[in-house]
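Reading through the structure tokens given below for one structure.
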Amino acid sequence: MSTAPNAGPGAAPKPGTIERRSFVAKLLAACPQALVVTGLGSPAYDVFAAGDRDENFYLWGAMGGAAVMALGIAIAQPTRSVLVITGDGEQLMGMGALATIGAQQPNNLSIVVLDNGLYGETGAQRSHTSQGTSLAAVARACGIADAAEVTDLGALDALAMRINARAGCLLAQVRVRPDDLPRVLPPRDGTYLKNRFRAVLGMASM
Amino acid sequence: MSNTVITAPAWQDDIFNVLKRGGIKQVPYVPDAGHAHVIRRIHADPDMRGVVMTTEEEGVAMACGAWLGGQRAAMLMQSSGVGNCVNMFSLIENCRFPFLALITMRGEWAEFNPWQGPMGRATQQSMEMMGITVLRVSKPEEVLETVSAGLDAAFEGGEAIAILLSQSLIGRKKWGETK
């Protein structure tokens, strides 16, 4: 058991080894058609660092809402792959959403959780995923059958293929290295993000 | 177990018909007895998608996602769920999403369960504090017009609208029976 100052009592798995920015950049390069929703904080920076695009919707708040917001998009846009890129803390706050998504089984919705096991924005306090919770196991228990931990880069190509195939809802819990990276800040004007997202789908702002 | 056939009041059909005619495609909900008939009709309609939530804040985020993807959503919940949504309501104001919620009231009229009181009394203020315009219906004959006006304000005017369905409209919950 860890005795680090911020440690809680739960079991502490070894930290992940995947470098998050390069993983996200490669994944997005392999899924160029995907509509992307990010959770707040580091996952938004990772996605923006990979290159801004109108199909990216960055959340700066609404913690716990990324995956279920993407469910609304996925139902409305069944011919597009919808990809959530979020963190362990954000998904833990929206854990019930995994049950909601499991009940709906949207074929075109993929959730990628960049799991560093801590709350990176607020002082690196250990999250539940480094104290015993497996979000992949939670997702499977909610009926998201294709849910697994990703511990090395070798899984990336197959993951991208499944995202692009739209053949079933999935969750990938990607064990990333707990690095403290420079922040790369995406636009935070929500109205702008909304309007450009709709425009790229061919819709008016209202 | 009661064998009574429950006949829904006409105003509940009015709600369904307004949502249907208004092009609502996605209906996230946390169930309430007052919404039960509308929920049944939504699930029976192949052009609408009723989606049960584990908590009401999911419905706020999902409705915003629906609009991003080009569909209209309306959310169904009861007053006790409004408190669960408060931070998620930020999404609506930040992005100026159109938003429509129909909320059955508890804790305000012939309420048997005192645990419904505090949130029932704070429902309207909670929504107004978060920038949502609140309309209320207490008479069956006003339901159609009010829901229709709310739907237009949301999706033509771009507003965030909550319609409170008074507990007196819904009627007494029968605590002595099982369903």
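The values are calculated or read from the model by the stated rules, or taken from the named source; none is laboratory data. Predicted model, so just to flag it, every value in this text is computed and none were measured. FYI the Cβ positions are ideal-geometry reconstructions off the backbone, even for glycines, and counts take in every protein chain you see. SASA here: full protein model, heavy atoms, side chains in, ligands and nucleic acids out. Shrake-Rupley method; radii C 1.70, N 1.55, O 1.52, S 1.80 Å.
General remarks:
- Scanning the range B:70-82 for residues that are in contact with a strand residue (DSSP E or B) (Cβ under 7 Å, 6 or more places away or on another chain), open to solvent by 30 Å² or more (accessible area, probe 1.4 Å) and more than 8 Å from chain A (Cβ to nearest Cβ) yields a single hit, B:ARG72.
- Matching option when the condition is free of Cβ contacts under 8 Å to residues at least 60 places away in the same chain, open to solvent by 10 Å² or more (accessible area, probe 1.4 Å) and within 13 Å of another protein chain (Cβ to nearest Cβ), among A:ALA99, A:ALA66: A:ALA99
- Checking each residue in the range B:70-113 for being without any contact (Cβ under 8 Å) to a residue 40 or more places away in the chain and among the small types (Gly, Ala, Ser) picks out only B:GLY70.
- The single condition among (1) of a type in the set (Phe, Trp, Tyr); (2) under 22 Å from A:CYS142 (Cα atoms); (3) more than 14 Å from the chain's Cα centre (by Cα) that B:TYR29 does not meet is (3).
- Where helices (runs of 4 or more DSSP H) sit wholly within the range B:4-69, those with at least 1 residues that are within 14 Å of chain A (Cβ to nearest Cβ) and either open to solvent by 30 Å² or more (accessible area, probe 1.4 Å) or touching a Ser or Thr at 6+ places or on another chain (Cβ under 6 Å) (or both) occupy B:36-44, B:56-68.
- Residue match in the range B:93-109 (condition: in contact with a helix residue (DSSP H, G or I) (Cβ under 6 Å, 6 or more places away or on another chain) and on the phi > 0 side of the Ramachandran plot): yes
- Meets criteria (within 22 Å of A:PRO32 (Cα to Cα), away from chain B (no Cβ under 12 Å), open to solvent by 10 Å² or more (accessible area, probe 1.4 Å) and out of contact with any Lys or Arg (no Cβ under 8 Å at 6 or more places or on another chain)) for A:ALA145: no
- Every residue from the range A:70-82 that is more than 14 Å from A:VAL112 (Cα to Cα) and at the interface with chain B (Cβ under 7 Å from one of its Cβ atoms): A:GLY72, A:ILE73, A:ILE75, A:ALA76, A:GLN77
- The range B:121-156: number of residues that are closer than 25 Å to B:ASN17 by Cα, among the small types (Gly, Ala, Ser) and in contact (Cβ under 8 Å) with a residue 40 or more places away in the chain: 3
- When the range B:83-103 is limited to residues that are closer than 16 Å to B:VAL52 by Cα and open to solvent by less than 10 Å² (accessible area, probe 1.4 Å), the one that is nearest to the other protein chains (Cβ to nearest Cβ) turns out to be B:CYS85.
- Residues of the range A:33-46 satisfying the condition of being farther than 19 Å from A:ASN107 by Cβ and not charged (D, E, K, R): A:THR38, A:GLY39, A:LEU40, A:GLY41, A:SER42, A:PRO43, A:ALA44, A:TYR45
- Qualifying residue in the range A:48-56 (condition: within 14 Å of another protein chain (Cβ to nearest Cβ) and either among the basic types (Lys, Arg) or surrounded by 24 or more Cβ atoms within 10 Å (Cβ to Cβ) (or both)): yes
- Flag for B:GLY59 being of a type in the set (Gly, Ala, Ser) and either over 27 Å from B:GLN125 (Cα atoms) or over 15 Å from the mean Cα position of the chain (by Cα) (or both): no
- Counted residues, the range A:189-206 - those being outside any loop (DSSP other than H, G, I, E, B) and either exposed (fewer than 14 other Cβ atoms within 10 Å of the Cβ) or touching a residue at least 24 places away in the same chain (Cβ under 8 Å) (or both): 9
- Every listed requirement among (1) of a type outside the set (A, V, I, L, M); (2) closer than 20 Å to B:PRO28 by Cβ; (3) open to solvent by less than 10 Å² (accessible area, probe 1.4 Å) is met by A:ASP88 save one, (2).
- Residues in the range A:151-188 that are without any contact (Cβ under 8 Å) to a residue 40 or more places away in the chain and part of a loop (DSSP other than H, G, I, E, B): A:PRO182 alone.
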